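For reference, the structure discussed in these notes is given below.
The values are calculated or read from the model by the stated rules, or taken from the named source; none is laboratory data. Source: prediction; values computed, not measured. Please note: Cβ atoms are built from the backbone with ideal geometry, for glycine as well, and neighbour counts cover all protein chains shown.
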Amino acid sequence: MTNLPKIYDPQEIEGKWYKFWEEKRYFHAEVISDKPSYTIVIPPPNITGILHIGHALDNTLQDCLIRWHRMNGFNVLWIPGTDHAGIVTELIMERKLAEEGTSRKEIGREEFIKRMWLWKSESAGNIVSQLQQLGCSCDWERERFTMDDGLSKAVRTAFVKLYEQDLIYQDTYMVNWCPQCDTAVSNLEVEPIEIDGNFYHIRYPVVDSDIVLEIATTRPETMLGDTAVAVHPEDERYQRLIGKTVCLPLSNREVPIISDSFVDMEFGTGALKVTPAHDVNDYEIGLRHDLEQCVVFTSDGHMNENAGQEYSGLSRLKCREKVVEDLQKLDYLVKIVPHPHAVGHHDRCGAIVEPTISPQWFMNVKPLAQRAIEATKNGDVKFIPERETTRFLHWMENIEPWPISRQRWWGHRLPIWVCEVCQKSTAAMDTPVKCECGGTNLLQEEDVLDTWFSSGLWPFSTMGWPQKTDELQTFYPTSVLVTGWDILFFWVARMIMFGLACTDEVPFNTVYLHGLVADDKGQKMSKSKGNAIDPLETIQKYGTDAFRFALVNASTPIPYVPLPEAQIESGRRFTNKIWNAARFILMNLDKYPIRRENLDSMHENILEVNWIKSRLAQTINSATDALDNFRFHELAQTLYAFLWHEFCDWYLEFVKQRIANNQPYALWIAADVLEQTMRLLHPIMPFLTEEIWQQLPKDYDVIGTNIEPSVTVAEWPQSDVEDTIAEKTMSTLMNVIENIRSIRGELNVPNGATIDIHIQSPDPMVRNHLDSYLEQYLPAFTRVNDVVISESLPKPKASAEAVIGNLVIYIPLEGVIDLDEEKTRLSKRYQQIVKDIKAAQKTLENPQFVERAPEIVVQQKKDLLDRLSIEHDKLERSLAMLDNS
RNA sequence: GGGCGGGUAGCUCAGGUGGCUAGAGCGACAGCUUUACACGCUGUAGGUCACAGGUUCAAGUCCUGUCCCGCCUACCA
């Protein structure tokens, strides 16, 4: 006997089914298969991280695609894994060390790395089990980590390969330096943040002259490192000063006045202090004029001895204060003007980035970008939404060398060895025995590679590259990459470039970039803002399937997708609705078990059965179409509307009546429709659908087949043909019912009161259908007592009425009806119709419309006008009668 | 400075290639303990689709301009 709880309890079933799937190895992909491959590599989350809302969305969408393709008969592989996340992870470890009263430098590289691995092994399981809680059907037997041996070998191979092509080189150049993390970072990791800064106007006295040059700067402390002042060559104000020198206040050094067309005459005072060691533009100017590079900062953001005794040892900020103070004291400061401007901050630690000259390893990505551009333009890789293509191409076309070395420890150490004798660098897979010069003492480069270097190889390093593995053969290039648009440049761009460089192929054919989850104010959810939903708490509270449904439903093509709590609640209500629909069907199946022999002899032509089959067919089509085009919101909407508002609101209500009349056929169809709907919903709601699917009887075959051991590997439903006649008839029937309900409601007919209705329709087919259905159903649907249907009937006295095309419903309500209220009700409808008629007439009276619009559109308009006109006339007559009574 | 996205019901959003009387969820209001579900059922109200032009037989949808909001990008010190 089926005895299900009234309220769906997700806790009860989720763990059970995940275990079942794993035991059956449904998520495992075989290398040898005659099915076509469908592959996704997970954008690897941080190894020590925990699941946040962004992961939840990203992986839910991937799981939808994966599960859908699995049901569609593909050989599906979803490779999971994690990323070592160099800088962030080190930062957290350093915080831990600080709590213990020690530091990275104090314990040394070896010990530090040891601690990192230890921590890794402790926390590695977190994110994995969280992804499992989310229901992700990854092939866990193929889980990877960026610092695994195989993947590390891929890193070295790629490095050596690119080094040998001169695409990786060492150079001393100006890079973004994070004084807090003590490492170089790339442009992408620098976040410009608008701050309320100032413009400091400072006097620079010209030597051997009483002229004083006024310069304006936002960073007065850098003047300690000035080695020139630049003006525009055509600036008449300053032309005669070019070639002279100024005396640098505070440091009292003499520096030249040079001319360079970089200087903007309109901006500031038109005179620019030049600090080649601490500003990118100044650096370039310095190179052009062969200026000295005077370094005044230490790598941890303090002033060094070049800044002068007064300032040496001060922090950047303290130094600025003191410089301004001293300038004021010595009367060099003209004024301070508020000047808001953007300052680069390190996106990982938030420290202000310092442009610094330092020897770093770079990757010349320009030639690789060129290939990526070509691959994009010829369609080898496609971006969804399409607008992302423009963004991608723009970035690729303006790409700059990528600094890949980081002065950190946790990551892949550069496979570069430097000879102690000749100082020459050698790139190699393993420590070389000796150098070209014969030297045998070679030391490996201390730096590690940017984490994105190894992540960029992820689509193929996870499959065993550089070896020619069967995995690569079968699953590469992968099918699609799914991630948020915010990491298009970080990951996707690098994956494409590396893919082309290393494998000569784009690593995926499609890139789907989804939005970022935002709070109700449209702000991106993030931990630091404190506005984030915790996925694990949410799952706890609402259940995984409800959460997943909310995420999929929120996935419209906009850049920031809002996910208010109400939407998750709505998801939970939906799971409960599904649960109860299943409960209703299962409980009744106990009383009316399905019998194949009965089924065969009962293929009756039942209106509601034909209707729901037709609706299901359309639902299958639009769900498939939505998935085909990554329209996740539409997928969720379609299934929600079908299941709730057609299957539950209408079909199951019919089933109740059938059961009451001892006719279980419609119930059995309900079971079958539910079974197929569970398959349609499975990619979104894996747990609930499996639970219900397993409980449904499997020894029958009504519409589809149901013989697989799990919905996970059941076939995606095939759509039947639509039945337009059943849909049309049903729509009339539903209309009649809705109108009666509406009248009851609006005219305040007491709830318990039964009513009679008279229906007149000139259409014999309609009359026939209504005759056979209404009598049976109306009592239950609208508490109707007696139904009279005819071609023409006089309007009963004191009756309310509704007009549906050429069909009229009268409800005699003598003694109940308030004529004024009825008049108001009808006039409202009447006025609306008049308006609609006018609009339709206007269109049809336009000869050009009739001439140029497609025939079907014209016909539709005509039909509409006909329908409206009939209603109009009938209403007009009724209103006149009401006036006379 | 360049580029992109958005402005549709009280709120959050749907409305692929222009063509049904502009939709949903949530909220509001009214009424229902109808034996699957009160995480429910039934009904009602609520929109000059930011503004101004234009293209078209036809514009929420395409074009131009304007005004807001958000984001990305850029070396203006």
### Summary
Log entry, pairs with first residue in region A:734-745 being in a helix (DSSP H, G or I), second being of a type in the set (Asp, Glu) and surrounded by 14 or more Cβ atoms within 10 Å (Cβ to Cβ), beta carbons closer than 9 Å, six or more apart or on different chains, reads A:743/A:801; A:743/A:822
#### Entry: Breaking point among (1) outside the structural domain of residue A:334 (by TED's automatic domain parsing); (2) more than 16 Å from RNA strand B (Cβ to nearest atom), for residue A:190
(2)
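Going by the structure shown, is residue A:251 touching a helix residue (DSSP H, G or I) at 6+ places or on another chain (Cβ under 6 Å), in contact (Cβ under 8 Å) with a residue 24 or more places away in the chain and more than 15 Å from RNA strand B (Cβ to nearest atom)? Steps first, answer last, please.
Working: touching a helix residue (DSSP H, G or I) at 6+ places or on another chain (Cβ under 6 Å): yes; in contact (Cβ under 8 Å) with a residue 24 or more places away in the chain: yes; more than 15 Å from RNA strand B (Cβ to nearest atom): yes.
For residue A:251, the condition - touching a helix residue (DSSP H, G or I) at 6+ places or on another chain (Cβ under 6 Å), in contact (Cβ under 8 Å) with a residue 24 or more places away in the chain and more than 15 Å from RNA strand B (Cβ to nearest atom) - is met.
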### Task
Please specify each residue of region A:97-138 satisfying the condition of being among the charged types (D, E, K, R) and surrounded by 12 or more Cβ atoms within 10 Å (Cβ to Cβ).
A:104, A:109, A:111, A:114, A:115, A:120
### Query
Mind checking whether some residue in region A:499-522 is closer than 30 Å to residue A:4 by Cβ, within 15 Å of RNA strand B (Cβ to nearest atom) and not β-branched (Val, Ile, Thr)?
no
### Query
For region A:206-228, how many residues meet the condition of being more than 11 Å from RNA strand B (Cβ to nearest atom), surrounded by 16 or more Cβ atoms within 10 Å (Cβ to Cβ) and assigned to a strand (DSSP E or B)?
3
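Grab the strands (runs of 3 or more DSSP E) fully contained in region A:381-472, keeping just those with 1 or more residues being within 19 Å of residue A:486 (Cβ to Cβ) and outside the structural domain of residue A:141 (by TED's automatic domain parsing). First the steps, then the outcome.
On the way: elements: A:382-384, A:416-419, A:425-427, A:442-444.
Hits in region A:381-472: A:382-384.
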### Task
Pick out the one residue from A:574, A:549 that is aromatic (Phe, Trp, Tyr), within 23 Å of residue A:68 (Cβ to Cβ) and near RNA strand B (Cβ under 8 Å from one of its atoms).
A:574
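When you check residue A:640 against the structure, is it within 9 Å of RNA strand B (Cβ to nearest atom), closer than 30 Å to residue A:385 by Cα and buried (at least 18 other Cβ atoms within 10 Å of the Cβ), yes or no? Break it down stepwise before answering.
Details: within 9 Å of RNA strand B (Cβ to nearest atom): yes; closer than 30 Å to residue A:385 by Cα: yes; buried (at least 18 other Cβ atoms within 10 Å of the Cβ): yes.
Spelling it out, residue A:640 is indeed within 9 Å of RNA strand B (Cβ to nearest atom), closer than 30 Å to residue A:385 by Cα and buried (at least 18 other Cβ atoms within 10 Å of the Cβ).
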### Filtered residues of region A:61-85 (kept if of a type outside the set (Phe, Trp, Tyr) and either part of a helix (DSSP H, G or I) or not assigned by TED's automatic domain parsing to the domain that holds residue A:120 (or both))
A:61, A:62, A:63, A:64, A:65, A:66, A:67, A:69, A:70, A:71
### Message
Kindly evaluate residue A:747 against the criterion of being in contact with an Asp or Glu (Cβ under 8 Å, 6 or more places away or on another chain) and either at negative phi or of a type in the set (Asp, Glu) (or both).
### Response
yes
### Task
Could you tell me which numbered condition residue A:254 fails, if it satisfies all but one of (1) buried (at least 18 other Cβ atoms within 10 Å of the Cβ); (2) modelled with pLDDT of 90 or more?
(1)
### Message
Restricting to region A:643-670, name every residue that is more than 11 Å from RNA strand B (Cβ to nearest atom) and either within 26 Å of residue A:66 (Cα to Cα) or among the basic types (Lys, Arg) (or both).
### Response
A:658
### Message
Need the failing condition index for residue A:814 against (1) under 30 Å from residue A:657 (Cβ atoms); (2) surrounded by 13 or more Cβ atoms within 10 Å (Cβ to Cβ), just the number.
### Response
(2)
### Task
Could you please find all residues in region A:465-502 being among the polar types (S, T, N, Q) and buried (at least 19 other Cβ atoms within 10 Å of the Cβ)?
A:478, A:479, A:483
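Got at least one residue in region A:859-866 being under 18 Å from residue A:760 (Cβ atoms) and either of a type in the set (Phe, Trp, Tyr) or surrounded by fewer than 18 Cβ atoms within 10 Å (Cβ to Cβ) (or both)?
Within region A:859-866, the subset under 18 Å from residue A:760 (Cβ atoms) is A:866.
Now restrict to residues that are either of a type in the set (Phe, Trp, Tyr) or surrounded by fewer than 18 Cβ atoms within 10 Å (Cβ to Cβ) (or both): A:866.
Scanning region A:859-866 turns up at least one residue that is under 18 Å from residue A:760 (Cβ atoms) and either of a type in the set (Phe, Trp, Tyr) or surrounded by fewer than 18 Cβ atoms within 10 Å (Cβ to Cβ) (or both).
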### Message
Being among the small types (Gly, Ala, Ser) and not in a strand (DSSP E or B) is the filter here; which residues of region A:248-291 pass it?
### Response
A:251, A:261, A:268, A:270, A:277, A:286
### Message
Please go through (1) near RNA strand B (Cβ under 10 Å from one of its atoms); (2) surrounded by 14 or more Cβ atoms within 10 Å (Cβ to Cβ); (3) at pLDDT below 90 for residue A:264 and return the number of the only condition it doesn't satisfy.
### Response
(2)
### Query
Tell me, which residue of region A:365-400 that is among the acidic types (Asp, Glu) and in contact (Cβ under 8 Å) with a residue 12 or more places away in the chain is farthest from RNA strand B (Cβ to nearest atom)?
A:380
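Which helices (runs of 4 or more DSSP H) does region A:573-664 wholly contain that include 1 or more residues that are within 38 Å of the chain's Cα centre (by Cα)?
Numbers: elements: A:596-600, A:607-628, A:632-640, A:652-660.
Result: A:607-628, A:632-640, A:652-660.
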